[in-house]
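The next block holds one structure in the form of structure tokens; read it before the comments.
Taken together, the values in this text are just the output of simple stated rules run on the coordinates, not laboratory data. Nothing here was measured: the structure is a model prediction, and the numbers come from that model. Every residue, glycine among them, receives a Cβ derived from its backbone with ideal geometry; neighbour counts consider all protein chains shown.
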Amino acid sequence: MAKQKIPYHPKAKIICACGNIITTGSTLPEMHVEICAKCHPFYTGKQKLIDTGGRIEKFKKRLAKKEEMEKMGKKKNEEKKSR
Ligand SMILES: [Zn+2]
């Protein structure tokens, strides 16, 4: 039985969303990452929000809606009590 060849790329590139490229050995010629040691807040020491696809915005909108609903509900309950 012939050995299955696994492709090896000694100069594979890991491309980060920040533009940093890391050259390494890998079975894949190219990889894409969203964060690396060059841009991660832990390494940069800067606090920054990493919002992938506006997920934080969506959550904030949902939270605001929920609070609104709760306020409306409270008003209704108060009306009932006064009767
Ligand atoms: Zn990066």
To check you understand DSSP bridge types, tell me what percent of the beta bridges within the stretch 1-46 (both residues inside) are antiparallel, rounded to 5.
55 percent
Spelling out what I want: for every residue of the stretch 58-68, take phi, set θ = phi - 60°, compute 6.51 cos²θ - 1.76 cosθ + 1.60 (Karplus), and round to whole Hz; glycine and proline get x.
4, 5, 4, 5, 5, 5, 4, 5, 4, 5, 4
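Please compute the alpha carbon radius of gyration of the stretch 1-46, then divide it by the globular-protein estimate 2.2 N^0.38 Å. Two decimals is fine.
Values: Rg = 14.5 Å, N = 46, 2.2 N^0.38 = 9.4 Å.
It is 1.54.
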Apply 1/(1 + (r/R0)^6) to the Cβ-Cβ distance of Thr44 and Ala2, taking R0 = 41 Å, and write down the FRET efficiency to the nearest 0.05.
0.30
If R0 is 41 Å, what FRET efficiency do you get for His9 and Lys66 from their C-beta distance, rounded to 0.05?
0.25
Show me the trypsin sites (Lys or Arg not before Pro) within the stretch 1-40 that DSSP assigns to loop and that have at most 15 other Cβ atoms within 10 Å of their Cβ.
Lys3, Lys5, Lys38
